[in-house]
Each structure stands twice: as C-alpha cells, then as structure tokens.
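The values are calculated or read from the model by the stated rules, or taken from the named source; none is laboratory data. Values in this document were obtained by computation on a predicted structure and should not be read as measured data. Here the Cβ is made from the backbone with ideal geometry for all residues, glycine too, and neighbour counts use every protein chain on show.
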Amino acid sequence: MHDIIKDLNWRYATKKFDSSKNIKDEDFEVIKDSLRLVPTSYGLQPLKFIIVESPELRQELQTMSYNQSQIVDASHLIIICSYRDLNETHIDEYVANISSTRDVHEEMMKGYGDFMKLTISKMDDDQKFRWNKNQAYIALGQLIHTCATLKIDATPMEGFKAKDYDKLLGLRDQNLTASLVVPMGYRHEDDEAQHQKKVRKSQDDLFITA
C-alpha cells in the first residue's frame, strides 16, 4: 500500500485530543508553509489563517462551537478565514507580487490583471463571498493531508457560530469571515473513534469512466 493511502487511512476526525501533547515547532512550520503553498483560483489566496494561542480566547471560542472539547484540548487551533470581498486593489497587489517574485515588469502582467478584474467585476457580492469561501475548503484538504503525513491529528469543523467568531475576533472590519476551524494535535488514548473502521464508498461507486 502506498504511503499516501496509509496516511489517509490512519487519519480520522479526532473527537478527543491529549492536551498534554504539543506539536513540535518544526512540524508546525511545515504546516504553515503547506498552507502558504495552497492552490487557489488565479493564485489570489483570498484567505487568512488565525492561529489561536490564547487559552482564554479558546475557551470563549469553545462556547461558540457547541462546547466541543477539541477547541481547548488540541495542541494548536487554526481558524481558516475567507475574504468577504475581492477588489481591484487585491488584484494589483497580486500582480505586483508576481512581478517581484518572477522579476517581470508589471506592465507585462497588465493583460492578466485586467482579465482578473473583468472576471471579478461580473460577480455580485454574494458570488464573490461564496467564491472566496470555496478556497477555504481547498486549504482544508491540503492541511488535512499535510497533518496526516506528519502523523498529526486534525479535525475539520464546521460546527461553530461563524457570526459570533467574526464579532469576537473583529473579522468583519478586516474584510474576513471565519469559514472553517481546525484543531490539531494528538489523539487521546481514550478516544474510541480511532478504533472504528473507516467507512467510505468503493471506487466502483465513486468513479465513472467517460
């Protein structure tokens, strides 16, 4: 069996974390760099990742997450946030980043920048909001795989009150909204969920050859 498949079979949605075990700094740097390298539409990266270190803040967030223990017991907690809006300034900044990174004159990138501006200008606010939010799920997939490779448990969570998170963290004023929450750390030996067989459809049920 390939190591990728072994890692993905090993991981599960951890229900109970061992609060005495912490992720090593060097492993967390790998996780952060993995998120930096996440693919997004046009490469615009309309995302921010909040690393919640304050125990007091975690306790407040737990009450907004239906009191799920993972919020406070996991070694690390990341909130994946999406931009609420995208505008021409964001695109100009991205084009400038391309120019600087690849040593290409910005004027050479003008056509690509104008194309992105035209595409985004055709979206209403709700479409842009949903488009940005979809990028968070791409990041989540990469985060889950990275953690599995490092043998770090990660639990993707949608079970939280996003509006309350946004208010507590002042996200709306930063053009952000909380899209996903991911506690990360190490499974507790008493977590019975780790012993349950993984339930997935077969390849025959999932794949269609056209």
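Exactly one residue out of Tyr186, Tyr165 is among the aromatic types (Phe, Trp, Tyr) and farther than 24 Å from Lys21 by Cβ, and it is Tyr165. Please pick out the residue among Gly159, Gly141 that is within 24 Å of the chain's Cα centre (by Cα) and closer than 17 Å to Ser82 by Cβ. Sole residue among the options that is within 24 Å of the chain's Cα centre (by Cα) and closer than 17 Å to Ser82 by Cβ: Gly141. Here segment 135-163 is the region considered, the condition is being loosely packed, with under 15 Cβ neighbours inside 10 Å and among the basic types (Lys, Arg), and the residue that is nearest to Arg58 (Cα to Cα) is Lys163. In segment 16-38, the residues that are on the phi < 0 side of the Ramachandran plot and hydroxyl-bearing (Ser, Thr, Tyr) reach residues that are assigned to a helix (DSSP H, G or I) and surrounded by 18 or more Cβ atoms within 10 Å (Cβ to Cβ) with C-beta atoms within less than 7 angstrom, at least six apart or across chains, in these pairs: Ser19/Asp73; Ser34/Leu143; Ser34/Thr146. Of all the residues in segment 54-94, those that are within 17 Å of the chain's Cα centre (by Cα) and surrounded by fewer than 17 Cβ atoms within 10 Å (Cβ to Cβ) number 0. Annotation note: of Ser179, Ser202, the sole residue that is over 22 Å from Ser19 (Cα atoms) and surrounded by 19 or more Cβ atoms within 10 Å (Cβ to Cβ) is Ser179. Just one residue in the set Ile51, Ile31 is in contact with a strand residue (DSSP E or B) (Cβ under 8 Å, 6 or more places away or on another chain), surrounded by 15 or more Cβ atoms within 10 Å (Cβ to Cβ) and within 19 Å of Asp153 (Cβ to Cβ); that residue is Ile31.
In segment 119-210, counting only helices (runs of 4 or more DSSP H) that sit wholly within it, the ones holding 1 or more residues that are in contact (Cβ under 8 Å) with a residue 12 or more places away in the chain span 125-149, 162-169. For Glu158, the requirement of being at pLDDT below 95 and out of contact with any Lys or Arg (no Cβ under 6 Å at 6 or more places or on another chain) is not met.
Is there a residue being in a helix (DSSP H, G or I) and under 30 Å from Tyr94 (Cα atoms) anywhere in segment 58-69? Checked against the condition, which is being in a helix (DSSP H, G or I) and under 30 Å from Tyr94 (Cα atoms), segment 58-69 yields no hits at all. The sole residue among Asp125, Asp103, Asp166, Asp190 that is loosely packed, with under 12 Cβ neighbours inside 10 Å and closer than 28 Å to Ser75 by Cα is Asp190.
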